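The values are calculated or read from the model by the stated rules, or taken from the named source; none is laboratory data. Just so it is clear, the model here is predicted, and its values are computed rather than measured. Using ideal geometry, Cβ is built from the backbone for each residue, glycine included, and neighbour counts are taken over all protein chains shown.
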């Protein structure tokens, strides 16, 4: 799809391409909305089969960041960036990160970059040597790894989901299956185990899975097992997006889907309605996984650590409100978008 047509369809304000022959960097930044404030969103390093696949990913992700910030009641807009890797597993370098930082700096603060899949606090600190408009580093930038906050927010959304289906908000004896235990999935597994749940997990990276088994006490699923057919109380997608479609949704053997991954529904309209029709409760991803954004955006906006923690705790209430709203919508995803858009249309935050 042509770029301008894509921008019209998604409602983007700005999409920019950049390449640096010296470092080999090829990157896209997509700013979806700055109506509520400057747009914060992670920098994802990933191998894409082609440019159109990368464009589709960055546009869907940046749109989701707009709704994520609005639903979380933050005075922030939504954006995202992707670095197109030349091959799977391509190692990052300081030169690449600094070149990306220079690209981010051309937005003059309209876009604030942060950590995402394929980047790390170290990568962010390298970027921060070239721009002030980045969050999530340990030394040059601030904020650190936001993953534990993302996981805590998801855990809070799970509590709201249990209450919505009429269960006690108690994880003791519950079985949770996690897809992906690299960062957010790993911290989520720790929280669930501490709360008394039995946690099963899978990951394409065997080292991640080994760590989760040894340190978080998860039970590794057979590599040949179909995770979508695993019987459990809660299925938590914590890896890449677009994993729930017509085929996988019909195979689900869980009561609740609530995870940290972005854009879990392959087709938000059709698949959102389908999963509701399957009588599986779907906690909208951009609501459940907002903890990391709240952490970095909160610090950027001048919140205290206590303010950030309180905001992450509010994810439970927000999820509950949206799930209730979902009763009168075709899907919970549709309800979550309507909830976020109402705040965007109102032009600002509804709480102090």
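Those helices (runs of 4 or more DSSP H) of the range 186-288 in which at least 1 residues are without any contact (Cβ under 8 Å) to a residue 24 or more places away in the chain and over 24 Å from residue 328 (Cβ atoms), considering only elements entirely within it, cover 206-216, 246-251. The condition (being under 15 Å from residue 256 (Cβ atoms) and modelled with pLDDT of 95 or more) is satisfied by just one residue among 201, 197: 197.
Regarding the range 244-261, can at least one residue be identified that is over 27 Å from residue 321 (Cα atoms) and out of contact with any helix residue (DSSP H, G or I) (no Cβ under 7 Å at 6 or more places or on another chain)? Yes, because at least one residue in the range 244-261 is over 27 Å from residue 321 (Cα atoms) and out of contact with any helix residue (DSSP H, G or I) (no Cβ under 7 Å at 6 or more places or on another chain). Identify the single condition in (1) crowded, with 18+ Cβ neighbours inside 10 Å; (2) within 16 Å of residue 243 (Cβ to Cβ) that residue 204 does not satisfy, given that it satisfies every other one. Just one mismatch for residue 204, condition (1).
Does the range 117-134 contain at least one residue that is outside any helix (DSSP H, G or I), on the phi > 0 side of the Ramachandran plot and modelled with pLDDT under 95? Yes, the range 117-134 contains at least one residue that is outside any helix (DSSP H, G or I), on the phi > 0 side of the Ramachandran plot and modelled with pLDDT under 95.
Going through (1) touching a helix residue (DSSP H, G or I) at 6+ places or on another chain (Cβ under 7 Å); (2) crowded, with 21+ Cβ neighbours inside 10 Å; (3) modelled with pLDDT of 95 or more one by one, residue 183 falls short only on (3).
Which of the residues that make up the range 76-97 are in contact (Cβ under 8 Å) with a residue 60 or more places away in the chain and either over 24 Å from residue 140 (Cβ atoms) or part of a helix (DSSP H, G or I) (or both)? Hits for the range 76-97 are 86, 95, 96.
Among the residues of the range 320-349, how many are closer than 17 Å to residue 73 by Cα and not in a helix (DSSP H, G or I)? Final tally of qualifying residues: 3.
Criterion applied to 107, 171 was being at pLDDT 95 or above, under 18 Å from residue 217 (Cα atoms), part of a loop (DSSP other than H, G, I, E, B) and over 20 Å from the mean Cα position of the chain (by Cα), and the one residue passing it is 171. Across the range 186-197, a minimum of one residue is classified as crowded, with 24+ Cβ neighbours inside 10 Å and within 18 Å of residue 282 (Cα to Cα). One residue alone among 308, 312 is part of a helix (DSSP H, G or I), outside the structural domain of residue 241 (by TED's automatic domain parsing) and under 15 Å from the mean Cα position of the chain (by Cα), and that residue is 312.
Put simply, of 49, 73 the only residue that is out of contact with any strand residue (DSSP E or B) (no Cβ under 6 Å at 6 or more places or on another chain), in a loop (DSSP other than H, G, I, E, B), modelled with pLDDT of 95 or more and buried (at least 16 other Cβ atoms within 10 Å of the Cβ) is 73. Screening the candidates 292, 298, 277, 302 for the property of being more than 23 Å from residue 137 (Cα to Cα) and modelled with pLDDT of 95 or more yields one hit, 277. Of the residues making up the range 117-130, those that are more than 17 Å from residue 299 (Cα to Cα) and surrounded by fewer than 24 Cβ atoms within 10 Å (Cβ to Cβ) are 117, 118, 119, 120, 122, 129, 130.
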